[in-house]
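Have a look at the structure below, then the notes.
The values are calculated or read from the model by the stated rules, or taken from the named source; none is laboratory data. Everything numeric here is computed off the predicted structure, so don't read it as measured data. Reconstructed Cβ throughout: ideal geometry from the backbone, glycine too, with neighbour counts over all protein chains shown. Surface areas here come from the heavy atoms of the whole protein model, side chains and all, with no ligands, DNA or RNA. Shrake-Rupley method; radii C 1.70, N 1.55, O 1.52, S 1.80 Å.
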Amino acid sequence: LGDLMAAAHLDDLKVHVRIKLSALWATLTFCYLYGDYFGLYVPGKLKGILAGDGPLGPVSQNTLVATSILLAVPGIMVFLSLVLPPKFVRWLNIILAAFYIVIMVLTMPGAWSFYLLLGALEIAIGLLTIWYAWTWPKRTLA
């Protein structure tokens, strides 16, 4: 019982919204990586890749650059959420999170269960990102 009482008084610190946003983008990046990796196990996927089928149609330098940009942005947001000016990064988080939610909604129909699970998590992460950015605490001027 003494251990339970001690656990009720654990020290905690307030995590700044920038760190929360950065962590959400890192989490989103991991979900994307796992989804793409597990997608390689879908029967016929590797055969399609070898035949030149890419995530945005036939593989070309342009489609691979577009896909690279699409997947690099969440990883870059891990850093940018920590260093850009607050007003700018707040709106950038809201806009980009909404954009990636739309991407997930558009790519989920007909997907395998693992992709639906990760997609639902990615949408939840995007909604949390929007909420934390939208409710960014205001500094009180003394």
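In region 29-65, how many residues are open to solvent by 70 Å² or more (accessible area, probe 1.4 Å), of a type in the set (Phe, Trp, Tyr) and either in contact with a strand residue (DSSP E or B) (Cβ under 9 Å, 6 or more places away or on another chain) or assigned to a helix (DSSP H, G or I) (or both)?
Going through region 29-65 one residue at a time, the tally reaches 4.
Taking region 7-28 on its own, how many of its residues are open to solvent by 60 Å² or more (accessible area, probe 1.4 Å), in a helix (DSSP H, G or I) and over 18 Å from Ala98 (Cα atoms)?
Qualifying residue count, region 7-28: 1.
Given the residues Leu64, Leu106, which is the only one that is over 16 Å from Thr129 (Cβ atoms) and either under 17 Å from the mean Cα position of the chain (by Cα) or not hydrophobic (A, V, I, L, M, F, W, C) (or both)? So that I can check it myself, show each step before the final result.
On the way: Leu64 fails: either under 17 Å from the mean Cα position of the chain (by Cα) or not hydrophobic (A, V, I, L, M, F, W, C) (or both).
Exactly one residue qualifies, and that residue is Leu106.
Cβ contacts < 8 Å: first residue in contact (Cβ under 8 Å) with a residue 60 or more places away in the chain, restricted to region 61-86; second residue crowded, with 16+ Cβ neighbours inside 10 Å and among the polar types (S, T, N, Q), any location; separation 6+ or different chain. Result?
Listed pairs, sorted by first residue: Ser81/Ser22; Ser81/Asn93; Leu82/Ser22.
Given the criteria within 17 Å of Leu33 (Cβ to Cβ) and in contact with a helix residue (DSSP H, G or I) (Cβ under 6 Å, 6 or more places away or on another chain), does Leu56 qualify? First the steps, then the outcome.
Working: within 17 Å of Leu33 (Cβ to Cβ): no; in contact with a helix residue (DSSP H, G or I) (Cβ under 6 Å, 6 or more places away or on another chain): yes.
Against the criterion (within 17 Å of Leu33 (Cβ to Cβ) and in contact with a helix residue (DSSP H, G or I) (Cβ under 6 Å, 6 or more places away or on another chain)), Leu56 does not qualify.
When region 108-122 is examined, which residues are found to be assigned to a helix (DSSP H, G or I), surrounded by fewer than 18 Cβ atoms within 10 Å (Cβ to Cβ) and not aromatic (Phe, Trp, Tyr)?
Taking region 108-122 first, the residues assigned to a helix (DSSP H, G or I) are 113-122.
Then drop every residue that is not surrounded by fewer than 18 Cβ atoms within 10 Å (Cβ to Cβ), which leaves 113-114, 116-117, 120-121.
Ser113, Leu116, Leu117, Ala120, Leu121, listed by residue number.
Of all residues in region 91-107 being without any contact (Cβ under 8 Å) to a residue 60 or more places away in the chain and closer than 28 Å to Pro43 by Cβ, which is least open to solvent (accessible area, probe 1.4 Å)?
Per the criteria, the residue is Met104.
Kindly list the number of the only condition in (1) in contact with a helix residue (DSSP H, G or I) (Cβ under 7 Å, 6 or more places away or on another chain); (2) over 13 Å from Gly35 (Cα atoms) that fails for Met104.
With (1) in contact with a helix residue (DSSP H, G or I) (Cβ under 7 Å, 6 or more places away or on another chain); (2) over 13 Å from Gly35 (Cα atoms) applied to Met104, the lone miss is (2).
Residue-wise test of (1) under 22 Å from Thr129 (Cα atoms); (2) at pLDDT below 95; (3) among the hydrophobic types (A, V, I, L, M, F, W, C).
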residue	(1), (2), (3)
Ile19	yes, no, yes
Thr27	yes, no, no
Asp53	no, yes, no
Pro86	yes, no, no
Val89	yes, no, yes
Asn93	yes, no, no
Ala97	yes, no, yes
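Are there any pairs with C-beta distances below 7 angstrom linking a residue in region 33-50 that is within 19 Å of Met108 (Cβ to Cβ) to a residue that is open to solvent by 100 Å² or more (accessible area, probe 1.4 Å) and polar (S, T, N, Q), with the two at least 6 apart or on different chains, and if so which?
Sorted first by the residue in region 33-50, then by its partner, the list stays empty.
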